[in-house]
Amino acid sequence: MEQAAYSAPTRRTAAVQQKTSNPTLITETAPIATSSHGGRAKCLQRLVRLDLPVPRTVALSFAQVHDIAAGKLPDMAELLGHFGEQPLLCVRPSSEDPDWGGPGAVLNVGMNDALYVDMCDRIGVEAATSLYIRFVQGYSTHVARLDPDMFDELPMTGREALQQALSAYEDETEEPFPQDPAVQLSGVLRSMARAWEGTTARLLRQAKGAPADAGLGLVVQEMAIGLGKGECGSGVIQLVSSATGLPKITGRYRSQSQGREALRKEGQSIYLAKDPRGPSLEELAPEAFAQLIECTKLMRRKLREEMQTEFTIENGQVHVLDGVRINRSSRAAVRIAVSLADDKVIPPEEAILRVEPRALNEMLHRQVDPDAERVVIARGIAASPGAASGKIVFSAAAAQASAARDEACVLIRRETTPEDIRGMHAAVAVVTERGGVTSHAAVIGRGLGLPCVVGASDLVFNVKRKCVTTPDGRTFREGDQITVDGTNGQVLDGAAPLLEAAQDDAFQTLMTWADAFRDIGVRANADTPADAKQARDFKAEGIGLCRTEHMFFEADRLTVMREMIFASRSADRRAALDQLLPMQKADFLELFRIMQGHPVCIRLFDPPLHEFLPNTRDGMRSLAESLDRPLSEVTHRVEELAEHNPMLGMRGVRLGITMPEIYDMQARAIFEATLEASREGALVVPEIMIPLVSAKREVELVKTRVETVAAEVRTATGRDFDYRLGVMVETPRAALRAGEIAPHAAFLSFGTNDLTQMTYGLSRDDAGRFMKEYVQQGVFVEDPFHRLDADGVGELLQMGASRGREARKDLVLSICGEHGGNPESIAFCRKAGFDYVSCSPFRVPVARLAAAQLCVRDKLGETD
Ligand code: PEP
Ligand code: MG
């Protein structure tokens, strides 16, 4: 399979270091490779093979450019020998990946007094003078490193201007402007080679993923001038829109111009195709226009990529200077990949590889227009992608009031708790001061598809005054308009222009192809009917985690829940729970209906009880009122339930064992809903999951009670049903003891949020405070709550998986922590033999694509 033009390198080869011969003339058969000469040189060779009108070009390899930086120049006579008696050249960078950048191109090298005379005859005095001046300026700033300001006062044209430019150079350097093309070219090559090796340039490209030893190639190309008699100029053309990927001839052309001048905002650039807004190249030079379209189409077909053509027209004649992979939004990337495959230019599996899974996450949410001006007022962790604008509110109640007025609002909280969920539903975005990627706000935000920035610790909160102050001292109050960019972790002043989310036919097609390749299941974490619908829309194969506790925060249920918490006797607890049973049953029934027989894994109650109790005096007073109890009793019970470390305290299965009535009620609700849903439609086999297990005995105890409830429901209804009971592995001990837990469990699902928290001994709600610093200082390669720590937490996963499977061959393995939607973590789980991953609904497409890419790469033998 031929590689796409300018595709990002996947492997670095030893060819990079070849210390061979001299610069190579680019011909159809010359030994040029992206790994040794860079993407531009290779692309130009492909254009030569297509017989496109490419000016003569010589390529310098990474090794040669490295030597140049060290002071060892190639044989200049031989290099210039390729370009005739009076060469006029440009030099451009050719890095392995165009995204890694490189020094700017230098044009018109070789211009001197003698050539000037000649050029005056060929292209006219004005054009020749302008060309010479441009070169003097370019050489002075790029090579002689003179201050560009020194030319500010000069007129741009005329012999006098030229004289002044030459004198200015001589005054500054105390040398006449070099006339020998060999001297000029040597200077240009040396300055470009050294610029690449400078520390700043190295750090910049490393930030874009370049290895520390990334090389730079250079190409020396005969100038196609773009100035002079007849129709002369330069421009760029592409056949699709960079924003949508849909067919649209775009680009700019400018008469009497060079390089990328046509793209400058000011000036007299014109459209390419006929356009009611102004003149076009199609009208000005129809033949050249038609030829450019043909060239660009040919490139697409043969280079197997949507390309932008950089061209020059010289007296009506087209020259193709370069072909560049077009810039593209996420949406356009999907459309382009699919349309290349539809046109049989590439096979569907290659289209799957062409789209970065995270790009799907972007296109499924609104985004801040990349061209919009951004006034950043705070930065934090990009916890849930997408962007939205609204007025600031500081409480869940204010968010609900705002939604009732139909006013978009952004909820700002120090951190969110389950009590804020309804406020989060009402808001268009959320910002918190504290928290990390698996904190409450982040998890819920992703579930709801709500843009969210957490850990915005630069903001100084004044909750009483209902305002926040930014690091530069600006204060934002309730009602002020802001924009949350959850994709980039930024909070912006005002309502920034947004680009709409897109889920077009190209997206659907790509996902269908991906599913045909995928060999690991993808489910969604979904708690509400809305989540479940979203999950089905994104073709999740089931629900991998339904967190049931969120169901108890509805106002009518909260009171009953509190009654249950206040009951000190089992019978009283049971009475309160009896009221919750029908509501809980209705919740499950609805989920089963939406999922139409696809598996639904319900996690039994997990959080510490005090999360359901008020934490302010006012809240306690109103609770005392609604329970008709003295305030002192309420306060006392709240104090009694308080824990020093609730996340490691009385929660999960510990609660299930000490207050078994809760799990009994949930099991009954699940079974009764199962029977009802199965009677109406597809057969339901519910999955029940026990959270926070650390010992085999916990599973045995819960299992016995669940079996008892199942037997009771079977007897009471006279009907049979199946169910599967499994364990959530989220404590290190459960992973270590998986061998003895597995015989009691049909499945193990790794809850990597808590498992990461407990393995590191690092609070998931507080990690945001220092995570940035830890990553910056290289303590962690990346936030382990975001990307699975393959070494430590991963070892526990592998251990748990293999010990579990050894004990029980048919054990189903999955991951339901937030890592389930992260491509690298999916690769890890697939390798460890997991059956499926489960992630928030909006990440389901990302997971489907990432999983498919792993299979395609395996097929192509690209994985290790
Ligand atoms: C987990 O701990 O990984 C998990 C999925 O559960 P929660 O985030 O609800 O604690
Ligand atoms: Mg957990």
Flag for A337 being within 15 Å of T512 (Cβ to Cβ) and outside the structural domain of V846 (by TED's automatic domain parsing): yes
Subset tally (residues that are surrounded by fewer than 19 Cβ atoms within 10 Å (Cβ to Cβ) and within 13 Å of ligand 1 (Cβ to nearest atom)) for the stretch 790-805: 0
The stretch 806-864 - residue that is basic (K, R) and buried (at least 24 other Cβ atoms within 10 Å of the Cβ) and, of those, modelled with the lowest pLDDT: R843
Of all residues in the stretch 600-615 being modelled with pLDDT under 90 and surrounded by 15 or more Cβ atoms within 10 Å (Cβ to Cβ), the one that is nearest to ligand 2 (Cβ to nearest atom): E611
Number of the condition not met by A408 [criteria: (1) within 16 Å of ligand 1 (Cβ to nearest atom); (2) out of contact with any Asp or Glu (no Cβ under 9 Å at 6 or more places or on another chain)]: (1)
Considering residues of the stretch 674-702 that are of a type in the set (D, E, K, R) and within 22 Å of G542 (Cβ to Cβ) only, the residue nearest to ligand 2 (Cβ to nearest atom): E687
Residue that is nearest to G110 (Cα to Cα), among those in the stretch 178-196 that are of a type in the set (S, T, N, Q) and crowded, with 18+ Cβ neighbours inside 10 Å: Q184
Test: residue in the stretch 637-646 that is within 16 Å of ligand 2 (Cβ to nearest atom) and either more than 40 Å from the chain's Cα centre (by Cα) or part of a helix (DSSP H, G or I) (or both): yes
Qualifying residue in the stretch 315-325 (condition: closer than 30 Å to Y116 by Cβ, modelled with pLDDT of 95 or more, crowded, with 21+ Cβ neighbours inside 10 Å and over 34 Å from the mean Cα position of the chain (by Cα)): yes
Residues satisfying the stated conditions in the stretch 133-164, i.e. in a helix (DSSP H, G or I) and of a type in the set (A, V, I, L, M, F, W, C): I133, F135, V136, M150, F151, A161, L162
Any hit, the stretch 132-148, residues being touching a residue at least 60 places away in the same chain (Cβ under 8 Å), in the same structural domain as L79 (by TED's automatic domain parsing) and either more than 40 Å from the chain's Cα centre (by Cα) or closer than 26 Å to A63 by Cβ (or both): yes
The stretch 647-684 - residue that is within 16 Å of ligand 1 (Cβ to nearest atom) and part of a loop (DSSP other than H, G, I, E, B) and, of those, farthest from R574 (Cα to Cα): G649
Selection within the stretch 406-419 - without any contact (Cβ under 8 Å) to a residue 40 or more places away in the chain and buried (at least 24 other Cβ atoms within 10 Å of the Cβ): C409, L411, R413, T416
Residue match in the stretch 458-472 (condition: aliphatic (A, V, I, L, M), out of contact with any Gly (no Cβ under 8 Å at 6 or more places or on another chain) and under 18 Å from L364 (Cβ atoms)): no
Where A711 falls short, out of the listed (1) modelled with pLDDT of 95 or more; (2) surrounded by 17 or more Cβ atoms within 10 Å (Cβ to Cβ): (2)
D618 being of a type in the set (D, E, K, R) and crowded, with 18+ Cβ neighbours inside 10 Å: no
Complete set of residues in the stretch 743-788 that are aliphatic (A, V, I, L, M), in contact with a helix residue (DSSP H, G or I) (Cβ under 7 Å, 6 or more places away or on another chain) and away from ligand 2 (no atom under 16 Å from the Cβ): A745
Tally of residues being of a type in the set (S, T, N, Q), touching a Cys at 6+ places or on another chain (Cβ under 9 Å) and away from ligand 2 (no atom under 16 Å from the Cβ) across the stretch 801-832: 1
Selection count, the stretch 715-737, where residues are away from ligand 1 (no atom under 16 Å from the Cβ) and either under 14 Å from S814 (Cβ atoms) or not aromatic (F, W, Y) (or both): 11
Residues located in the stretch 47-105, provided they are buried (at least 23 other Cβ atoms within 10 Å of the Cβ) and charged (D, E, K, R): R92, E96
Candidate set from the stretch 732-742 (those that are over 13 Å from E698 (Cα atoms) and surrounded by fewer than 24 Cβ atoms within 10 Å (Cβ to Cβ)); member that is nearest to ligand 2 (Cβ to nearest atom): P732
Matching entry among D519, D505 (being within 30 Å of E350 (Cα to Cα) and modelled with pLDDT of 95 or more): D519
Residue match in the stretch 288-302 (condition: polar (S, T, N, Q), modelled with pLDDT of 95 or more and under 21 Å from G233 (Cβ atoms)): yes
Single residue of A767, A746 found to be in the same structural domain as D810 (by TED's automatic domain parsing), surrounded by fewer than 24 Cβ atoms within 10 Å (Cβ to Cβ) and among the hydrophobic types (A, V, I, L, M, F, W, C): A746
Qualifying strands (runs of 3 or more DSSP E) (wholly inside the stretch 403-486; at least 1 residues being of a type in the set (S, T, N, Q)): 429-432, 460-462, 467-469, 475-477, 481-485
Long-range neighbours under 8 Å by Cβ, at least six apart or interchain, first residue farther than 13 Å from R413 by Cα within the stretch 436-447, second within 13 Å of ligand 2 (Cβ to nearest atom) and among the β-branched types (V, I, T): T438/T756
R621 being more than 16 Å from ligand 2 (Cβ to nearest atom), at pLDDT 95 or above and not acidic (D, E): no
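Could you please give the count of residues in the stretch 516-532 that are of a type outside the set (V, I, T), touching a strand residue (DSSP E or B) at 6+ places or on another chain (Cβ under 9 Å) and either over 27 Å from G445 (Cβ atoms) or in a loop (DSSP other than H, G, I, E, B) (or both)?
Within the stretch 516-532, residues that are of a type outside the set (V, I, T), touching a strand residue (DSSP E or B) at 6+ places or on another chain (Cβ under 9 Å) and either over 27 Å from G445 (Cβ atoms) or in a loop (DSSP other than H, G, I, E, B) (or both) number 2.
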Qualifying residue in the stretch 759-773 (condition: farther than 25 Å from G455 by Cβ and within 13 Å of ligand 1 (Cβ to nearest atom)): no
Test: residue in the stretch 120-132 that is under 22 Å from G230 (Cα atoms), out of contact with any helix residue (DSSP H, G or I) (no Cβ under 8 Å at 6 or more places or on another chain), assigned to a loop (DSSP other than H, G, I, E, B) and at pLDDT below 95: yes
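The values are calculated or read from the model by the stated rules, or taken from the named source; none is laboratory data. The shown structure was predicted, so the numbers you read here are calculated from the model rather than taken from an experiment. We place every Cβ from the backbone using ideal geometry, glycine too, and count neighbours over all the protein chains shown.
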